[in-house]
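Participant: The following block contains the structure, expressed as structure tokens.
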Amino acid sequence: MIYENKTIKISERTILLRSAKEEDAETLLSYMKIIYSETPYLIREPEEVTLTLEQEKNFIRERAEAKRDLLLLAFEEGEHIGNCSISSLGNYSRYAHRCDLAIALYQKYCGGGIGKKMMEEALKAARNMGYEQAELEVAAGNTRAVRLYESLGFEKYGTFPDNMKYKDGSYEDAYWMMKKL
């Protein structure tokens, strides 16, 4: 899905929201390596970002062409600051009412309301695409993200014990959260 460019104001900040474009591929590969090193709450280690530039361009193109997927980017003064995505759970009619939602910002942009605004826009887009419920998985220790999702109406419906295993041998549980649209 192509999201029509939108400029939003958050306090004194002006943020541009738009769909990813193929020319963003290099920026997005760099972004993934950085965000995975900034927090333990995402699913990959930085060295596990092994996509080629061409693979990333293909991924972006597929999201743009898909009627029920969205890769939404945020920019401030031309600088990429984060992503929010909506993904179909499959091409099965029994799952057609459900979508997966994910978001990640560079840490220096967290806590200022940008993520909440991106999520609100993504949820509107999900409704417009015909989804009836949005789902996400969040590391249980990521209390700031859990509070954000709850403020948007998501509720916890289950816990995945030992969902992630870190290099030091410790584990992190995750919550499965859902919101009716």
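The values are calculated or read from the model by the stated rules, or taken from the named source; none is laboratory data. What you are looking at is a predicted structure, and each value in this text was computed from that prediction instead of being measured. Glycine also receives a Cβ, built like all others from the backbone with ideal geometry; neighbour counts cover every protein chain displayed. The accessibility values were calculated without ligands, DNA or RNA, using every heavy atom of the protein model including side chains. Shrake-Rupley method; radii C 1.70, N 1.55, O 1.52, S 1.80 Å.
Participant: What shape does the stretch 102-142 have by the C-alpha gyration tensor, where a ≥ b ≥ c are the square roots of the eigenvalues, rounded means a/c under 1.5, and otherwise prolate means a/b greater than b/c and oblate the rest? Provide the component values of the computation, followed by the final result.
Facilitator: On the way: a/c = 3.34, a/b = 1.54, b/c = 2.17.
Since a/c reaches 1.5 but b/c is at least a/b, the shape of the stretch 102-142 is classed as oblate.
Participant: To the nearest Å, what is the center-to-center distance of the stretch 104-181 and the stretch 1-47, using C-alpha atoms only?
Facilitator: If you average the Cα positions of each part, the centres end up 16 Å apart.
Participant: First select every other residue whose beta carbon is under 12 angstrom from the beta carbon of G130; then total the charges, Lys and Arg +1, Asp and Glu -1. Provide the component values of the computation, followed by the final result.
Facilitator: Numbers: positive: K67, R68, R98, R127; negative: E132.
Net local charge, G130 excluded: +3.
Participant: Can you pull out the chymotrypsin sites (Phe, Trp or Tyr not before Pro) in the stretch 76-130 that DSSP calls coil and that have at most 11 other Cβ atoms within 10 Å? List each step's numbers first, then the result.
Facilitator: Numbers: sites: Y92, Y95, Y106, Y109; in loops: Y92, Y106.
Sparse-neighbourhood loop chymotrypsin sites (Phe, Trp or Tyr not before Pro): Y92.
Participant: Could you rank the peptides 22-34, 39-51 by their average count of other C-beta atoms within 10 Å per residue, with the highest value first?
Facilitator: Numbers: 22-34: 15.8, 39-51: 13.5.
With the highest mean Cβ count within 10 Å placed first, the list reads 22-34, 39-51.
Participant: If you don't mind, another one. For F59, what accessible surface area do you get with a 1.4 Å probe? Give it in Å², rounded to 10.
Facilitator: It works out to around 90 Å².
Participant: Tell me, what ³J(HN,Hα) does each residue in the stretch 75-89 have, in order and in whole Hz, if you take phi through Karplus 6.51 cos²θ - 1.76 cosθ + 1.60 with θ = phi - 60° and put x for Gly and Pro?
Facilitator: 9, 10, 6, x, 9, 5, 10, x, 10, 9, 10, 10, 10, 5, 8
Participant: Let me ask something else about it. Short version: ³J(HN,Hα) in whole Hz for each residue of the stretch 171-181, in order, from phi by Karplus 6.51 cos²θ - 1.76 cosθ + 1.60 (θ = phi - 60°), x for Gly and Pro, what are they?
Facilitator: Going residue by residue, I get 10, 10, 6, 9, 9, 9, 10, 8, 9, 6, 9 Hz, with x marking Gly and Pro.
Participant: Additional query: Can you pull the accessible area of D168 for me, 1.4 Å probe, Å² to the nearest 10?
Facilitator: Its accessible surface works out to 120 Å², give or take rounding.
Participant: Here is a follow-up. In the chain, which helices (entire DSSP H runs) extend 27 Å or more along their own long axis, judged by Cα positions, while averaging at least 1.0 on the Kyte-Doolittle scale? Before the final figure, lay out the partial values.
Facilitator: On the way: long enough: none.
Length and hydropathy pass: none found.
Participant: Two decimals is fine: what's Rg over Rh for the chain, C-alpha atoms, Kirkwood radius as Rh?
Facilitator: That ratio is 0.94, to two decimals.
Participant: Further, regarding this structure: How much accessible area per residue does the stretch 1-115 have, in Å², with a 1.4 Å probe? Mind showing how you got there, number by number?
Facilitator: Numbers: 6530 Å² over 115 residues.
I get 57 Å² per residue for the stretch 1-115.
Participant: Once you've got the GNM for the chain with C-alpha springs shorter than 10 Å, pick whichever of A96, A139, A20 has the biggest mean-square fluctuation.
Facilitator: Ranking A96, A139, A20 by mean-square fluctuation puts A96 first.
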